[in-house]
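The structure appears right after this line, and notes come after that.
Nothing in this text is a laboratory measurement; each read-out follows from the coordinates by a stated rule. Keep in mind that this is a model prediction, so the values were computed, not measured. Please note: Cβ atoms are built from the backbone with ideal geometry, for glycine as well, and neighbour counts cover all protein chains shown.
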Amino acid sequence: MATSPAEHPSAQPFVPETRSLRTLSEAAAACRGCALFEHATQTVFGNGRRNAVVVLVGEQPGDVEDRKGRCFVGPAGRVLWRCVEEAAIPREAIYVTNAVKHFKFEQRGKRRIHQRPSAAEIDACLPWLSAELAILRPPVIVALGTVALRSLLGRPLTIDAAREQELTLGDAHLVATYHPSAVLRADDPPPIEAALTEDLRRSWQLARREGGGARANAAAS
């Protein structure tokens, strides 16, 4: 029997043993592993090809993603896909997901204002991300922002500090970079967007080298 979120927040009881991303996604739709499901419109699971060589991990769905049920389809998504195009990464080579699968927000009148997920909520949702990565086994994982990095590493680390390190997660290279929303919030956006683009470009170079040209080309075709 699944434990209640109040007792011990965790998605683990809801995660099936499967090698199917579709089965995972369907199971995630019924997740009650933490309290965030209570107010979100729906679970927003990852999407992309199973043979993707670069997995982009964001923070959580935003308002638009929560309504549409897909990752990175709002304002931050427009920034991200612009940077992906500039980095010359084929979209077919990418799988996108988030560390937290439900939108956390504060209602202010008719507006829903994004709220950063807590450490407990990040940890509660980790079993879904771990299950995705176990199926995908990508050569490169990109952490977009500190929440994604905290989820993947299990400890806090700033993006500036992480960008100076050679990080790994199991057999995969872990590239840390700015969340595209940082571009939208920045007083001087161009340098942040340029850094994000350069980190994405490096992730693609690593994927082609470590994942083997054959897998990278297959994912991109």
- Sparse-neighbour loop sites [GluC sites (Glu not before Pro); region 105-187; at most 15 other C-beta within 10 Å; DSSP]: Glu164, Glu166
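By the scheme Lys and Arg +1, Asp and Glu -1, what is the net charge of all other residues having a beta-carbon under 12 Å from that of Ala29?
+2
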- Query: Once the other residues with Cβ under 14 Å from the Cβ of Glu65 are scored (Lys, Arg +1; Asp, Glu -1), what is the net sum?
  - Reply: +4
- Message: Quick check on the chain: what are the equivalent-ellipsoid semi-axes from the Cα gyration tensor, as sqrt(5λ), descending, whole Å?
- Response: 26, 21, 16
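Please rank His102, His173, fewest neighbouring Cβ atoms within 10 Å first, as an exposure proxy.
His173, His102
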- Please return the longest stretch of the chain lacking exposed loop sites, where trypsin sites (Lys or Arg not before Pro) count only if DSSP places them in a loop and at most 12 other Cβ atoms lie within 10 Å. 111-221
- Query: Using the 10 angstrom Cβ neighbour count as an exposure proxy, how do Asp187, Asp66 rank, fewest first?
  - Reply: Asp187, Asp66
- Karplus 3J(HN,Hα) series, Hz, for region 42-52 with 6.51 cos²θ - 1.76 cosθ + 1.60 (x for Gly, Pro): 6, 6, 10, 8, x, 8, x, 6, 5, 8, 4
